[in-house]
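Okay, so here's the structure we're looking at.
The values are calculated or read from the model by the stated rules, or taken from the named source; none is laboratory data. In this text the structure is predicted, and so the values were computed from the model without any measurement. Cβ atoms come from the backbone with ideal geometry, glycine included; neighbour counts cover every protein chain shown. For the accessible areas, the whole protein counts, side chains as well, though only heavy atoms, and no ligand, DNA or RNA atoms are used. Shrake-Rupley method; radii C 1.70, N 1.55, O 1.52, S 1.80 Å.
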Amino acid sequence: MKHQHKYDENGKQLCCTLEEKIHKHSNEKSGCCSTEQAHADDDGHEHSHSTNDSTVKLFFPAIASLVLLLLAIGFDNYFPQSWFKGYIRMSWYLVSYLPVGFPVLKEALESIRKGEIFSEFLLMSIATIGAFAIGEYPEGVAVMLFYAVGEVFQTLAVTRAKANIKTLLDQRPDEVTIVENNIPRTIKASEAKIGDIIQLKPGEKLGLDGELLSDTASFNTAALTGESKPDTKSKGATVLAGMINLNTVAQVKITTAYTDSKLSKILELVQNATAQKAPTELFIRKFAKIYTPIVVVLAILICVVPMLFIANYVFSDWLYRALVFLVISCPCALVISIPLGYFGGIGAASKNGILFKGSNFLDVIATIQNVVMDKTGTMTEGVFKVQEVVFNSNFNKEEILQMVNALESQSTHPVATAIHQFVGTIDNSIQLQEVEEISGHGLKAIVNEKQLLVGNFKLMDKFSIKYNIDPTTIVYTLIAVAYDNTFVGYLTIADSIKEDTQITIDKLKALGVKTTMLSGDKNTVVQFVAQKLGISNAFGDLLPEDKVNKVKEISAKNETVAFVGDGVNDAPVVALSNVGIAMGGLGSDATIETADVVIQDDKPSKIPMAINIGKQTKKIVWQNIILAFVVKGIVLILGAGGLATMWEAVFADVGVALLAILNAVRIQKMKF
């Protein structure tokens, strides 16, 4: 069951659905209620501004109702023979009821008009109107008053839970200062064009992705990566929208359009994060739709059935019991706290530089039994360096290296970068023909009408190139080279293990999660790294289809699998696994598109953190479910038996809802 929209006397929307309160940063001027008043700029970039006035407005109806109710109760108890009786008494209570009751009555009618008859608003309306009908005015007002208080606290809790993601959503500034003919000019960020030069003062946020033109500049990237340590960039480095310039005035050349920046893609991801619901959340929705009409029918039966069996049946007494039953049965605690719990988990993850694409992945990642990792760029730095060149003396070493460098320029693989750095400038006089990348093997081309092969030794085997070494005896990564159907030799390339990889493996073991390492790199290198990290399951020399088969083998053992890779070459494995985790950071658009979870700063230690956040979120959600069912079950029985009054029913309903809300936002303060 969804919370419906609330409107003021002018028809303006005061309160969004719970989902909209929690996660919707649309481009519409929705006017959602909360401690924020949102407005959209012309470019569709929305900002929220918290104001004390809006908070006061939230509390005002409840405060007005409470003051009038306390005065009425005072007149009832201390001046019983005074003027406060009859129609005057009823009218006073009615006036105290309207500030909190009218919006709910209106919502009940709106729900009925839209076909959602059995809503919580209908339950509240029936219970309070019935209380007035039998003369229980204070209880009728109290039900609506405490319900309104619960709604206010719900809104405030949602606002607090949204704060972590809101800081991310506010990272992109509306305006940028561009330099034209050495004259700075401020324009809207959406109007800036590729090639424009942005002038960035200390303390300012970068509005678009670009290339740093200044010699050096330090940036705060905490909102994007969760990393508090300043990141110093050199001339020519890529800088991203949302980064904050720290020290000196810097100039940045725009390389990406406003709507295509990495931050824009992350914003889109966060905005849609709760669109995919967790199974528990979907179940509660379905349950509420079935549960609500059932309790309405039961309330009618509680009122009517005793007439057939009890001699001294008093209609007003049994109607009161039925009304108490209705108040207690309102599923507010479940409907509010469960999506809030999941959103709290998404917010806590975002704060730590982990982006979940939906609350369903929080549920799944909490059950992960085996984390399968790609080696290069995930567990290692992915920054290769050429260690040694071993070529046959019959070949001109420099000439072959120039050919290899030219061919590798056709690839974006980290190995290609290492060769470029080692050899230097590419010789454009080398003519490459029929260039072909053979997946899992390497590159092939025709140079000077002769075949050039650069790749692993499986490439040599594929083209029947004979070689006189045993590649398994060399630990480092090998790049084999063949020219004119003759084995030339090889280059050794080494990669270093990330500094927090060992911490990652240790934490995963502590969580009871297995670790498996897969790589297309040579098996000796893979086993060397695995032994160093204490990983027992490691496999090298794998083609993309081999990785798929390995993951299938693990899944066949009924183990839930998370695959961690770059999200591009490993797309088939990402799709096959229960949760695909991308270590592509902010540099890969494809990563954000293909993975279920994105680790923004490429730190593998965020993997056990993500699992822990999932576990804590699931724990909190189930605590709320059990709390709501147990308390409501007990008070429902007491209410049906006449042992609970409407006051107790109100405290049971609102009290459980408030406890559930407080429990749901608790994850925001947790350290992971």
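Looking only at the range 427-459, how many residues end up being closer than 17 Å to Glu399 by Cβ and either basic (Lys, Arg) or without any contact (Cβ under 8 Å) to a residue 24 or more places away in the chain (or both)? Talk me through it step by step, then tell me what you get.
Let us first name the residues in the range 427-459 that are closer than 17 Å to Glu399 by Cβ, namely 427-432, 445-454.
So of that shortlist, the ones also either basic (Lys, Arg) or without any contact (Cβ under 8 Å) to a residue 24 or more places away in the chain (or both) come out as 428-429, 431, 446, 448-450.
Result for the range 427-459: 7.
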Query - Condition check for Ala657: within 27 Å of Ala299 (Cα to Cα), touching a residue at least 60 places away in the same chain (Cβ under 8 Å) and more than 30 Å from the chain's Cα centre (by Cα) - result: no
Query raised in the report: What number goes with the only condition from (1) small (Gly, Ala, Ser); (2) part of a loop (DSSP other than H, G, I, E, B); (3) within 36 Å of the chain's Cα centre (by Cα) that Gly135 does not pass?
Result: (3)
Requested in this report: Looking only at the range 233-246, decide whether some residue is open to solvent by 40 Å² or more (accessible area, probe 1.4 Å), modelled with pLDDT under 80 and under 28 Å from the mean Cα position of the chain (by Cα).
Outcome: no
Report task. Collect the residues in the range 432-458 that are modelled with pLDDT under 90, in a loop (DSSP other than H, G, I, E, B) and either open to solvent by 60 Å² or more (accessible area, probe 1.4 Å) or in contact with a strand residue (DSSP E or B) (Cβ under 7 Å, 6 or more places away or on another chain) (or both), keeping them in residue-number order. Result -> Ser439, His441
Query raised in the report: Could you list, in sequence order, the residues of the range 131-174 that are of a type in the set (Phe, Trp, Tyr) and either closer than 30 Å to Ile198 by Cα or modelled with pLDDT of 75 or more (or both)?
Result: Phe132, Tyr137, Phe146, Tyr147
**Report entry** Check on Leu326, of a type in the set (A, V, I, L, M, F, W, C), out of contact with any Phe, Trp or Tyr (no Cβ under 8 Å at 6 or more places or on another chain) and part of a helix (DSSP H, G or I)
**Finding:** yes
Query - So Ile336, is it among the aliphatic types (A, V, I, L, M), outside any helix (DSSP H, G or I) and in contact with a helix residue (DSSP H, G or I) (Cβ under 7 Å, 6 or more places away or on another chain) - result: no
**Report entry** Single unsatisfied condition, Asp602 versus (1) surrounded by fewer than 18 Cβ atoms within 10 Å (Cβ to Cβ); (2) acidic (Asp, Glu); (3) assigned to a loop (DSSP other than H, G, I, E, B)
**Finding:** (1)
Query raised in the report: Since Gly341 meets every condition but one in (1) out of contact with any Leu (no Cβ under 6 Å at 6 or more places or on another chain); (2) modelled with pLDDT of 80 or more; (3) more than 21 Å from Ala652 (Cα to Cα); (4) part of a helix (DSSP H, G or I), which condition does it not meet?
Result: (3)
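Report, by residue number, each residue of the range 419-431 that is out of contact with any Asp or Glu (no Cβ under 6 Å at 6 or more places or on another chain) and either crowded, with 17+ Cβ neighbours inside 10 Å or under 30 Å from Ala530 (Cβ atoms) (or both). Before you say what the answer is, go through the steps one by one.
Step one: list which residues in the range 419-431 are out of contact with any Asp or Glu (no Cβ under 6 Å at 6 or more places or on another chain), which gives 420-431.
Passing the criteria: His420, Gln421, Phe422, Val423, Ile430.
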Query - Residues within the range 578-598 that are within 29 Å of Glu553 (Cα to Cα) and either among the charged types (D, E, K, R) or at pLDDT 85 or above (or both), tallied - result: 7
Report summary line: All conditions in (1) under 27 Å from Ile438 (Cα atoms); (2) of a type outside the set (Ser, Thr, Tyr); (3) at pLDDT below 90 are true of Gly489 except (3)
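Would you check which residues across the range 102-133 are open to solvent by 50 Å² or more (accessible area, probe 1.4 Å) and either touching a Phe, Trp or Tyr at 6+ places or on another chain (Cβ under 6 Å) or among the hydrophobic types (A, V, I, L, M, F, W, C) (or both) and list them? Break it down into steps so the answer makes sense when it comes.
First, the residues of the range 102-133 that are open to solvent by 50 Å² or more (accessible area, probe 1.4 Å): 102, 106, 109, 112-118, 126, 129, 133.
Across the range 102-133, the qualifying residues are Phe102, Leu109, Ile112, Ile117, Phe118, Ile126, Ile129, Ala133.
Identify all residues within the range 108-121 that are assigned to a helix (DSSP H, G or I) and more than 17 Å from Ile336 (Cα to Cα); write none if there are none.
Within the range 108-121, the subset assigned to a helix (DSSP H, G or I) is 108-113, 120-121.
Answer for the range 108-121, where residues must be assigned to a helix (DSSP H, G or I) and more than 17 Å from Ile336 (Cα to Cα): Ala108, Leu109, Glu110, Ser111, Ile112, Arg113.
Quick one: would you say Ala62 is within 30 Å of Gly341 (Cα to Cα), of a type in the set (Gly, Ala, Ser) and at pLDDT below 75? Walk me through it before giving the result.
Values: within 30 Å of Gly341 (Cα to Cα): yes; of a type in the set (Gly, Ala, Ser): yes; at pLDDT below 75: no.
In short, no.
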Report summary line: Of those in the range 118-130 that are at pLDDT 80 or above and of a type in the set (Gly, Ala, Ser), the residue nearest to Phe315 (Cα to Cα) is Gly130
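Yes/no per residue for (1) open to solvent by less than 10 Å² (accessible area, probe 1.4 Å); (2) touching an Asp or Glu at 6+ places or on another chain (Cβ under 8 Å):
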| site | (1), (2) |
| --- | --- |
| Ile336 | yes, no |
| Leu355 | yes, no |
| Thr378 | yes, yes |
| Asn392 | no, no |
Requested in this report: Please tell me if Ser91 is open to solvent by less than 80 Å² (accessible area, probe 1.4 Å) and within 45 Å of the chain's Cα centre (by Cα).
Outcome: no
Query - Members of the range 461-499 found to be within 20 Å of Glu381 (Cβ to Cβ) and crowded, with 16+ Cβ neighbours inside 10 Å, listed by number - result: Tyr476, Thr477, Leu478, Ile479, Leu491, Thr492, Ile493, Ala494, Asp495, Lys498
Requested in this report: Could you name every one of the strands (runs of 3 or more DSSP E) located completely within the range 345-421 that has at least 1 residues being more than 17 Å from Thr492 (Cα to Cα) and under 20 Å from the mean Cα position of the chain (by Cα)?
Outcome: 354-356, 370-374
Report task. For residues that are within 21 Å of Pro138 (Cα to Cα), open to solvent by 50 Å² or more (accessible area, probe 1.4 Å), in a helix (DSSP H, G or I) and among the aliphatic types (A, V, I, L, M), tally how many sit in the range 614-672. Result -> 1
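Among the residues of the range 542-577 satisfying the criterion of being touching a Gly at 6+ places or on another chain (Cβ under 7 Å), in a loop (DSSP other than H, G, I, E, B) and crowded, with 17+ Cβ neighbours inside 10 Å, which is modelled with the highest pLDDT?
Taking the range 542-577 as the starting set, the residues that turn out to be touching a Gly at 6+ places or on another chain (Cβ under 7 Å) are 542-544, 563, 566-567, 573-574.
In the following step, the residues that additionally are in a loop (DSSP other than H, G, I, E, B) were identified as 542-543, 566-567.
From the residues that got through so far, the ones that are crowded, with 17+ Cβ neighbours inside 10 Å too are 542, 566-567.
Working: Leu542: 84, Asp566: 66, Gly567: 50.
Here the answer is Leu542.
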